[in-house]
């Protein structure tokens, strides 16, 4: 601990900032920090500028809630997307996984999380009312629930399914081609494509 306390404050702050990334512990954060400062100062400066730009310029799309620079993202503005299909995903990374299959032509809604009561993430924190409003805009005929097959993802899908079906919408869920307990963003595109094609009513 004394060794850590003797390090310069800017270095400690950098390590602490890197530790905020998922899956990055103190040792990994320290290695990253030392690598950038010792071997890649230009990369460190580029990383700093890119983060600053992203934070200042990106916002949530008014329609799908994903990241965009404009009021609406490119997907929501695309004239050839099928507005009768709405795929609800947990994260923009999950949306990218669906897009990588090239087998889906509808639109999206990104929850930016999933139900996790122990972490303080409930329907209000995820703004489920906005998701429901998006699905009941008069154009959507089918909602595909593409949340992960974790306990939290299944709970999220169940909650949304009940709410959406009460509004008279057709609700389907990704087929079990996606392994149970998996995060959608880490599943290969072929498996996601098959699951999307074989989706079932909830």
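The values are calculated or read from the model by the stated rules, or taken from the named source; none is laboratory data. As the structure is a computational prediction, the values presented were derived from the model and not from experiment. All Cβ positions, glycine included, derive from the backbone under ideal geometry; neighbour counts span all protein chains shown.
Taken across the stretch 121-139, residues that are in a strand (DSSP E or B) and buried (at least 18 other Cβ atoms within 10 Å of the Cβ) do not occur at all. Looking only at residues in the stretch 18-34 that are out of contact with any helix residue (DSSP H, G or I) (no Cβ under 9 Å at 6 or more places or on another chain) and under 17 Å from residue 8 (Cα atoms), the one that is surrounded by the most Cβ atoms within 10 Å (Cβ to Cβ) is 31.
Residues in the stretch 163-194 that are in a helix (DSSP H, G or I), under 28 Å from residue 138 (Cβ atoms) and out of contact with any strand residue (DSSP E or B) (no Cβ under 9 Å at 6 or more places or on another chain): how many? Looking only at that region, the number is 1. For the stretch 140-158, the set of residues classified as over 18 Å from the mean Cα position of the chain (by Cα) and either assigned to a helix (DSSP H, G or I) or at pLDDT below 95 (or both) consists of 158 only. Residue 83 passes every criterion in (1) in the same structural domain as residue 126 (by TED's automatic domain parsing); (2) touching a residue at least 24 places away in the same chain (Cβ under 8 Å); (3) over 26 Å from residue 132 (Cβ atoms) apart from (3).
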